[in-house]
Protein chains: 4
Amino acid sequence: MTHGICLIGAGRIGRIHAGNLAATPGLALKYVVDPVADAAKSLADELGAAVTDLDTALADKAVHGVVIASATNTHADLIERAAGAGKAIFCEKPVDLDLMRTAEAIAKAKDAGTPLLLGFNRRYDPDFAALKARIDDGSVGRVEMVQITSRDPGPPPVSYIKTSGGLFKDMMIHDLDMARWLLGEEPTHVTAQASCLVDPDIATAGDVDSAMVMLRTASGKLCQISNSRRAVYGYDQRIEVHGSGGMVSAGNRLESSVRLNTGAGERDDKIQHFFLERYAQAYEREAAHFRDILDGRTAPLTTGEDGHKALILAEAAAKSFREGITVAL
Amino acid sequence: MTHGICLIGAGRIGRIHAGNLAATPGLALKYVVDPVADAAKSLADELGAAVTDLDTALADKAVHGVVIASATNTHADLIERAAGAGKAIFCEKPVDLDLMRTAEAIAKAKDAGTPLLLGFNRRYDPDFAALKARIDDGSVGRVEMVQITSRDPGPPPVSYIKTSGGLFKDMMIHDLDMARWLLGEEPTHVTAQASCLVDPDIATAGDVDSAMVMLRTASGKLCQISNSRRAVYGYDQRIEVHGSGGMVSAGNRLESSVRLNTGAGERDDKIQHFFLERYAQAYEREAAHFRDILDGRTAPLTTGEDGHKALILAEAAAKSFREGITVAL
Amino acid sequence: MTHGICLIGAGRIGRIHAGNLAATPGLALKYVVDPVADAAKSLADELGAAVTDLDTALADKAVHGVVIASATNTHADLIERAAGAGKAIFCEKPVDLDLMRTAEAIAKAKDAGTPLLLGFNRRYDPDFAALKARIDDGSVGRVEMVQITSRDPGPPPVSYIKTSGGLFKDMMIHDLDMARWLLGEEPTHVTAQASCLVDPDIATAGDVDSAMVMLRTASGKLCQISNSRRAVYGYDQRIEVHGSGGMVSAGNRLESSVRLNTGAGERDDKIQHFFLERYAQAYEREAAHFRDILDGRTAPLTTGEDGHKALILAEAAAKSFREGITVAL
Amino acid sequence: MTHGICLIGAGRIGRIHAGNLAATPGLALKYVVDPVADAAKSLADELGAAVTDLDTALADKAVHGVVIASATNTHADLIERAAGAGKAIFCEKPVDLDLMRTAEAIAKAKDAGTPLLLGFNRRYDPDFAALKARIDDGSVGRVEMVQITSRDPGPPPVSYIKTSGGLFKDMMIHDLDMARWLLGEEPTHVTAQASCLVDPDIATAGDVDSAMVMLRTASGKLCQISNSRRAVYGYDQRIEVHGSGGMVSAGNRLESSVRLNTGAGERDDKIQHFFLERYAQAYEREAAHFRDILDGRTAPLTTGEDGHKALILAEAAAKSFREGITVAL
C-alpha cells in the first residue's frame, strides 16, 4: 500500500525530506505546500508532486501523512491542523519553543489518535543506532556515564540565533534527547555552564556559543554534554557510553578512508562537513520509519513527548547557567 | 533527456545494476532480458520495466544503452550484437576469458563507434577514487611502489571455480586493472606465486586459492598484489601507494564507527562483508557514469581495452606461476 | 656534579622513584628512610644505598635533595624539615589535605629558598607534554574548551578511600592541575556532580566513585572533567583541547601495536593497565627534572603553589556537589 | 652472578649495545676494544669500563661474553677467536657476507660449544614479539600468508652501499629472517623483483634501492616482502600475518599519541624516525636475552644458523632478480 504524503515547507530541510519521501518505497510525495510559491513549485516539479494549499491537502483522503518542515513558530499550529484532519504527522523538531504550547499541540495529536513522529534525527543515525544496540544487548553492562560531544563547523548567522530560542533549546536539545535515550532514565538534576567564545555578536544577541551540561538521574547515572558553535575541522559528533562492563563509543565519519603519510605524520581524510552529510542516512531511515508508522507496523521512536521532555531539560540548563545552581526536576 | 536501457541478465549482479539504473536520474530501465523467465519477470515487475527478448529490445529506438550482466561466455556475442544495433554498452567484466575473442568483440564495438564501458567496479569506489585523486594532485610525488591486498571472505563453490577461468583471470584481474590505473604505466614484467591453502577441492579443480604477484613497469615502478579466497574477518580491500613524496592508502569500510572497549582491548566494528556491501556506492557511481557516457559528456573510464590488457597480465601471471619464470611482456 | 639524594618512603611509589633516581645521571641515591626497617633495607640494598634516619640524612652535606614519598599526612612536616635543612624537595602530591597546612609548608620552603617540586606526574608524561607543546606553538589557536577523561581500572580498598580525602582531593586533583595547565588561566567557577555507582561501600565511607566537573575561567574558557574509579578496559587517560583553530588530543597507550582481525571485528591490544605502566616515562622524566632543578638549570614545573591551587579547586568541587551550586572563586 | 662483558666496536651500534649492556642487571661491561683509540676511550669512560686489546680481554676469566659490533668483515674472525677462548658470543648481523665463511665461523662456535647469538634485533621488538605470541597461541589459526613492509627513511651514503653486499643481503635479510620466523617453515621458492628509483648513484654502484620478494614454503605458505631505501614519512616497519582463522598485524610506533584536527583532516604524530628509535626496546631486550644465555637459562633465539639461512635466501633473491626466474632451494 502506498501512502500519499503532503510536505509543508520547501526550504533546506524540507528538500532533504522531500527527496527521501519520494525515494522511500511505500510513500508517494503527493503535495508540496509552501507560502513561497517558487520554492514549492520547483521542488514539486523535481519530484513529480503537485503544489497545493494546506486545506486541499488535508481534505485529500489519499494523503495519509503530513511532514512539517516549515518555520519553527508554525509547527504547533500545523500539528493541530493535521491531527484534526486525522493525518499521521512527522514534524521537524521542535514542536514549539514554548513548553505550554508544546504540551497543547502534543495533547491535540494524542486526542486525535494520530501518531506524531518528532524529527530527532540522530536516533536514526546508523552509528548511534548501532551504539544503542550494543547498550541494549548488554555489551557494556549497566550504563553509568555518558559523554556527548556535539560541535558545529561554524556558527549560524546572528539573525538565526535571535529567533532560535538560544543554544540550549536550539542546539543542545538534540544532545539532551540523545542523553535521555542512552541513559535509559530521566535526568533529575541539570547543571550548565556556558560562554561566548566564537563570535561576540552572539553575546550581543543574548546567547552563548559554547556550553557544557551535566545531568544526573535518580539512580545516579551521570552525563556530560559539550557544545560549540565552531569546530574548524568539521561537524564533530561523538558519543561515549561507559558502563559497568566497558565502554562503547561512536565516532565521526570521514569523507573517505584515504590516509596520507608525508613528513608531517599520518593524516586521515576530513570529517564530514555538517549535518546534511553526516546525517544523510539518518534522514533516509527517518523517512522509512515514518512509512513503517503509516503501515501500522511500529510506533514512533521519537515522539512529541520526547520533544517536550528535552525542552524541559533545555530550559533547566538555561536556568542553571543563569542562576549558578543545579536545577532539580 | 532520458535514455532507455535494456538489461540482459537478472541474476545477482544484474539485480544490483537494475536497481541503480532505475534510480539514476536520466536513465529509464525499459527492458529486462533473461532466459530464466521468472527471474526476468520478478525483476522487471519490481522496477516497472518490461520483459522482452533481445531482438525486440535492440530494435527499440528508445533503447540507447544495453547493460550486459549475463553469464561470462555470452558477453562477447552480446557486445557484438548491441554494437551492431548501435547501442552504447555497459558490460560486466570480463569481455571474454579468451584473449582473441576479447579483441574481436572490442574491435566490433570500436568499428560500430559505440562506447563500451567495462565493469571494473573498483575504479568507481569513492575511497579508491579519492586515493587516485591524491596521486593525480601530486600528494605523494612520483609513484614508485603499489601494494594491493584483496581477499574474499570465503571461497565460491567449486562449480563456480571450474568455469571461472581460474583465480588470476577471475579474481586478480580486478587488482591487475587497479595496478595499471594506479601505476600510470603498463607493466612489462609479471611474476606470480600461488598455493591452494583454503580448500583442497579447489586444487582438484585445477585452481589455486591464494596468490601473489609482482609487477614491474618499464621505468622500474613495482607493484605487489596479494589475493586469497578467504578472509574470515570480512572482505579485505586495501591499497597503498608509495611515491617519492609519501604514501597514500585506502582502507576497509566498517559496518559502523562503533568501538567497544572491554577487558580484551578496543574492538572496531566488522569490516563490510563482501563486494555487494563494500562496492554498493561504486555500482551506483558506475550507473551514473554510464548515464554521462550516454549524454555524451564523458568517455568510459574503464574500457574494453582495459579488460584486454588486464587479461594479458592475468595470463602472464598464470604462465609465470606455472613455469617459475618472470614473464616479460 | 652528582647530587646525593635521600628518599623518604619505601612503599610502592617510593620504589618507583628510587629506581628512577638511581638511574638518572647526575643523581646518586644515598639514603633510604622508612619506619618499616625491612622495606627500607631491601630497597636500599637493591640500589646500593644506605638505610638511615632522617636527622642523619639531613645533616649530610652531600645530600642535596630530599624525595618525599611517605604517607600523605607526613608530607607537610617533612617539607618543613627538609626546607629547614636547606635541601631541595621533591614531594609526592599532595602537600597536605588541609589548605591551611598546605599553605604553611609551602611558605616555609619559600622562606628557606629551597625549590619545592610537587609530584603532579602527568605534566611529565611525554604525550601530554607533546599536547601542551602543540597548544603553546599555536597549532589550535586560542584555547577555548578542554575535555579531560580520567578513569582508574578499579577502585582502591575502602580503607584507602577513608583516609584519601575523597575523590575530588585524591583523584580529580590530578585533572584539576592538568586543567589549570592547559587552560592557561585560573578557573573562576567550579561546578560538580557525582555519584556512587561502582561500590556501595564507598558511599558508606562517605565518598563518591564517579564524578564530573565543569570549570570556567574569567575569559570564559570552559573545561569538563570526567572521573570514575572503574574502567574495566584499563586506565583511561585522555585529553582533548579545542581552540579557535582546531583540536588537539592525546590518547591512551596500548600494550602493543598488535591488532587482531577475526570474525568479530578488528581488535587493538589492551590499554596499559594503570599508572605505573602509563606514567612510567613520566616518573623518569620527573626525576630528570629534579636533577635539572638541583643543577640550577630550571625551576620546578609543578610547584607547591600548583598543589595549593588544585586543592582549592578540589574543595570547591566538593562544596559545589554538596550544595548544588556553582562555586565562584 | 655478574658476567663480565667485552664489547668490540665503539661505533654507532656499539654504543647502543654498550649502554644496554651496562644497564642490564647481571652484566658488567668490563672492556671496550676498538682500533680507534679515542672512540674506545670515550665510550669506556662514559660507562666505567676499561679500554684494552682483544688478547687481554679474551684472557680475562671474568669475561664471560663477547659482543661483536665491529665492521662486518671482521665478524667471522672475531667469532672464531671468541669461540676459541670459550666466550659466549653476541654478534651483530651478519656473520659474514660470504656463505662459506659464514658456515665456517658458525661451525667453530659450535665445535667450541659456545653460544652464538646473532643480532637479528627485530625478533626482540615488543610489538613483533607480541605478534608472534598471537600466532603461537593460535589466534589466527594456521599461518597461510605473511606480508612484510620494511622501508628506511632515506638511503645510506653510496660509499656504504658499495660495501654492504647489496640491498638483499644488507637490508632485506632482516625481513627474510622475520619471514622464516613467522612462517614457521623454510621457504623453498624465492622470487624477486627490484628497481633503482630513489637514487641513480645506487644503480651506478651496482645495487637497487626498491625491491619485492615472494617466498613459498613446502606446504604452500606464501610471503611477500616490500623494501625501499626511502620513506619520507619515517621508518616503516609493518607486518601482517593471515591465517585460517584471521589476521594479526603489528604497526608502526608514533612519536606520541597526540592527534591534531584542523581543516585538513586528523593528523597523527610522526612515525618514529629510524631503527635507533623504533628498536630501542628491542636492543634492550636483546641484551637481557644475552644475559639469560650467559646464565644458562635459555638458548639463543637468533643463532648463527639463522644468519646462514637468511643469507641463503638473500642470495637466492639476488639471483632470482638477476635471472628472471623463481629459485628453488
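Computed from the coordinates by the stated procedures, all read-outs in this text should not be read as laboratory data. Values in this document were obtained by computation on a predicted structure and should not be read as measured data. Every residue, glycine among them, receives a Cβ derived from its backbone with ideal geometry; neighbour counts consider all protein chains shown.
For the reader, a short list of remarks on this structure follows.
- Loop-located trypsin sites (Lys or Arg not before Pro) in region A:239-329 (DSSP state not H, G, I, E or B) with no more than 16 neighbouring Cβ atoms inside 10 Å: A:Arg297.
- Rounded tilt (10° steps) of A:304-323 against the dominant C-alpha axis of chain A: 40 degrees
- Dipole size of region A:70-202 about its Cα centre, with +1 on Lys/Arg Cβ and -1 on Asp/Glu Cβ: approximately 240 debye, rounded to the nearest 20.
- With one equal scatterer per alpha carbon and no solvent term, the Debye-computed log10 I(q)/I(0) for region A:171-329 at 0.11, 0.12, 0.18 1/Å reads -0.59, -0.70, -1.27.
- Degrees between helix D:280-294 axis and first principal axis of chain D (Cα, 0 to 90, nearest 10): 50 degrees
- Helix-derived mean residue ellipticity, 222 nm - over chain C, DSSP H n ≥ 4, -39500 (n - 2.57), to 500: -11500 deg cm²/dmol
- For the protein assembly as shown, the alpha carbon convex hull comes to 182 Å³ per residue, rounded to a whole number.
- Each Lys and Arg contributes +1 and each Asp and Glu -1, all at the Cβ; summed about the Cα centre of region D:3-114, the dipole is approximately 280 debye.
- Rg/Rh ratio calculated on Cα atoms of region C:3-114 (Kirkwood radius): 0.95
- Residues considered: D:Lys221, D:Lys162, D:Lys108. Largest GNM mean-square fluctuation over chain D, using C-alpha springs under 10 Å, is found at D:Lys162.
- A simple charge model with +1 on the Cβ of Lys and Arg, -1 on the Cβ of Asp and Glu and nothing else charged puts the dipole of chain B at about 420 debye relative to its Cα centre.
- A:Asp53 versus D:Asp55: modelled label distance in nm, points set 7 Å from Cα along the beta carbon direction: 11.8 nm
- Rounded to whole numbers, the Karplus 3J(HN,Hα) couplings from phi for region C:160-171 are 5, 3, 4, 10, 7, x, x, 3, 5, 7, 8, 10 Hz, using 6.51 cos²θ - 1.76 cosθ + 1.60 with θ = phi - 60°, and x at Gly and Pro.
- Remark on D:Glu144: its backbone amide H falls under 5 Å from those of D:His242, D:Gly243, D:Ser244, a criterion applied only to residues 5 or more positions apart or on other chains, H modelled at 1.01 Å from N.
- Reported to the nearest whole Å, the Cα centre-to-centre distance from region A:36-53 to region B:277-313 is 35.
- Tilt relative to chain B, helix B:99-112 - C-alpha long axis, 0 to 90 degrees, to 10: 50 degrees
- Inter-chain Cβ neighbour average for residues B:235-242, partner chain, 10 Å: 3
- Comparing mean-square fluctuations of D:Asp268, D:Asp55, D:Asp177 from a GNM of chain D with C-alpha springs under 10 Å, the top value falls on D:Asp268.
- Contact order relative to length of chain B, as percent, for alpha carbon pairs under 8 angstrom and 6 or more apart: 20 percent
- Each 5 Å bin from 0 upward holds the following percent of the Cα-Cα pairs of region A:169-253: 3, 12, 21, 22, 19, 12, 7, 2, 1, 0.
- Footprinting exposure proxy ranking of D:Val248, A:Val143, fewest other C-beta atoms within 10 angstrom first, gives A:Val143, D:Val248.
- Mean separation of Cα contacts under 8 Å, 6 or more apart, over the residue count of region C:3-114: relative contact order %: 25 percent
- C:Leu276-C:Ala107 FRET efficiency (beta carbon distance; Förster radius 41 Å; 0.05 resolution): 0.80
- Considering every alpha-carbon pair of region A:98-149, the percent of pairs per 5 Å bin, from zero through the bin containing the longest distance, is 4, 14, 15, 16, 12, 13, 17, 8, 0.
- Global dimensions of region B:12-51 from alpha-carbon coordinates: Rg and Dmax equal 9.4, 28 Å.
- Test item: B:204-215 mean partner chain Cβ contacts at 10 Å: 3
- With θ taken as phi - 60° and the Karplus curve 6.51 cos²θ - 1.76 cosθ + 1.60 applied, the whole-hertz 3J(HN,Hα) list for region B:199-213 is 8, x, 5, 5, 5, 4, 7, x, 10, 10, 10, 9, 8, 9, 9 Hz, x standing for glycine and proline.
- Highest-MSF residue in chain D out of D:Leu176, D:Leu118, D:Leu222 [GNM, Cα springs under 10 Å]: D:Leu222
- Chain B - Rg (one decimal) and Dmax (whole number), Cα, Å: 20.2, 66
- Calculated log₁₀ intensity ratio I(q)/I(0) where the Debye formula runs over C-alpha points of region D:101-222, q = 0.10, 0.18, 0.23 Å⁻¹: -0.42, -1.13, -1.29
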